[in-house]
Amino acid sequence: MAIDLNAAVQKLCAVRAKVREESPSTWAELEVLCANIPATIGKAQIWQMGKDKPCWSNIKVSAGERIVSDLQLSVDFQSSAAIASASWLMVRNPQLGRSSSAFALEGDSVRAYIAGLQPGGLKSYVWRLYAIRELAKGLENNANPKLTALIQELLTKQSFTGSEIERWTKNFAKQVGYGWGYITVNHMLTDLGVSIKPDVWVRRSAARLGFIEGIPSNSSFEQIDALSEKVDFQIINIALDAATLMEPLVAVQTEDPKLKKRLALREIDLCLMRWGKLGFLNDGLDL
């Protein structure tokens, strides 16, 4: 049975109210995240919100924080043009997998950068740096017409509907290159206010809210976790469509309907995640 959108909006508003009331620190964090959502998405904003995302892929938060900290050690990361340049040239040998030996550092800047790093960050995960450079190349070189068209679509539309998001994210992940999957792409879009990032807590919250067709809302975490990516776009689609009907509550002031939707979507993402993490899943909602 299809999910009723109006009922979903009511539930998401209740989740948001619960998190806002019970966790002021989460709401303060959300205010900052929403303040950082760009009023208009351009290539510079895609780079600023996207460059660190391969650092977070399939890794614990503490380890991701350590890896991301290395991006502060070179001013070149402020510009996709710098990272896409020949001085950061890296060549991958696909036969060697993700080991550091699979990546030849042929540019002077990337050699010096890696040589100056301490283990535990990008020095230990060179493949993540390669993935970061893939994004820079895609934004700067226009060598891949399919990727260029996808980027232009985002710049033109500034937001997506539930029926558009799966096609765009999966195609972008395929075209941008090595180290990018649809979850990493959605993570980038989340910080732009264009999607939500499906993770274990978002899936659990969505299931308990009845947002996954054929999955009882009282399913155990083990049952929900086993679904994994099979249900991600059901959840994302509901969030995108619901955001068009929700007025954002954060302090950012705007009359732009597309920016309002992006702010509401950022609220949905963090509130779904924290509603689960804070232990509210079994509390019920005042509907």
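The values are calculated or read from the model by the stated rules, or taken from the named source; none is laboratory data. Being a predicted model, the structure only gives us computed values, none of them experimental. For neighbour counting, all protein chains shown are included, and Cβ atoms are generated from backbone atoms with ideal geometry for every residue, glycine included. Heads up: the accessible areas ignore ligands, DNA and RNA and are worked out on the full protein's heavy atoms, side chains in. Shrake-Rupley method; radii C 1.70, N 1.55, O 1.52, S 1.80 Å.
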Three semi-axes of the equivalent ellipsoid, the range 94-163, Cα gyration tensor, whole Å, largest first: 31, 14, 13
Report Rg/Rh for the range 34-77, rounded to two decimals, where Rg is the Cα radius of gyration and Rh the Kirkwood radius. 1.02
Out of the total accessible area of the chain (probe 1.4 Å, heavy atoms of protein only), what percent is carbon and sulfur? 51
Keeping every protein chain present and rolling a 1.4 Å probe, give me the accessible area per residue for the chain in Å². 45
Taking the chain as the reference, fit the longest principal axis to its C-alpha atoms, fit the long axis of helix 24-35 to the helix C-alpha atoms, and give the angle between the two in degrees, 0 to 90, nearest 10. 60
In Å and from the alpha-carbon atoms only, list the Rg and Dmax of the range 60-128. 12.0, 32
Simple Cβ-charge dipole of the range 160-287, Lys/Arg +1 and Asp/Glu -1, about Cα centre, in debye nearest 20: 280
To test your reading of the geometry: what angle, between 0 and 90 degrees and rounded to tens, separates the Cα axis of helix 182-192 from the longest principal axis of the chain? 80
Expected vector for the range 11-20, Karplus 3J(HN,Hα) from phi with 6.51, -1.76, 1.60 and θ = phi - 60°, integer Hz, x for Gly and Pro, equals 5, 5, 5, 5, 4, 4, 5, 5, 5, 4
Principal axis dimensions, largest first and in whole angstrom, of the range 159-198 by Cα: 25, 19, 15
Yeah, the range 129-246 with a ≥ b ≥ c from its alpha-carbon gyration tensor (a/c under 1.5 is rounded, else prolate when a/b outruns b/c, oblate otherwise) is prolate
Rg over Rh [alpha-carbon atoms, Kirkwood Rh] for the range 21-154: 1.01
If you wrap the range 14-63's Cα atoms in a convex hull and average its projection over all directions, what's the area in nm²? 5.1
Checking a compactness column here: for the range 202-287, what do you get for Rg(Cα) / (2.2 N^0.38 Å), N being the number of residues? 1.16
Using label points projected 7 Å from each Cα along Cα→Cβ, tell me how many nm separate Ala82 and Lys174, to one decimal. 3.4
Answer in debye to the nearest 20: the dipole magnitude of the chain about its Cα centre, from +1 Lys/Arg and -1 Asp/Glu charges placed on Cβ, is 640
Within the range 1-63, trypsin sites (Lys or Arg not before Pro) in DSSP loop having at most 12 other beta-carbon neighbours inside 10 Å: Lys60
Total charge of the residues flanking Val68 in space, meaning their Cβ is under 10 Å from its Cβ, with Lys and Arg +1 and Asp and Glu -1, is +1
Using the Karplus curve 6.51 cos²θ - 1.76 cosθ + 1.60 with θ = phi - 60°, work out ³J(HN,Hα) for each residue of the range 220-236 in order, rounded to whole Hz, and write x for Gly and Pro. 6, 4, 4, 5, 5, 5, 5, 6, 6, 5, 4, 10, 4, 6, 4, 5, 4
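Which whole number in µm²/s is D for the chain by Stokes-Einstein, with the Kirkwood Rh taken over Cα pairs at 25 °C and 0.890 mPa s? Walk me through the numbers on the way to the answer.
Values: Rh = 19.9 Å.
For these conditions, the coefficient is 123 µm²/s.
Do you know the relative contact order of the range 1-153, to the nearest whole percent, from alpha carbon pairs under 8 angstrom that are 6+ apart? Could the numbers behind the result be given before it?
On the way: 131 pairs, mean separation 33.0, N = 153.
Answer for the range 1-153 is 22 percent.
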Applying the Karplus parametrisation 6.51 cos²θ - 1.76 cosθ + 1.60 with θ = phi - 60° to the phi angles of the range 42-57, what ³J(HN,Hα) value in whole Hz is obtained for each residue in order, glycine and proline being reported as x? x, 4, 5, 6, 4, 5, 4, 8, x, 5, 8, 5, x, 6, 9, 5
List the lysines whose alpha-carbon lies under 30 Å from that of Lys277, not counting same-chain residues fewer than 8 positions away? Lys11, Lys18, Lys51, Lys53, Lys60, Lys170, Lys197, Lys230, Lys258, Lys260, Lys261
Any idea what the dipole of the range 46-164 comes to, in debye rounded to 20, about its Cα centre with Lys/Arg Cβ at +1 and Asp/Glu Cβ at -1? 300
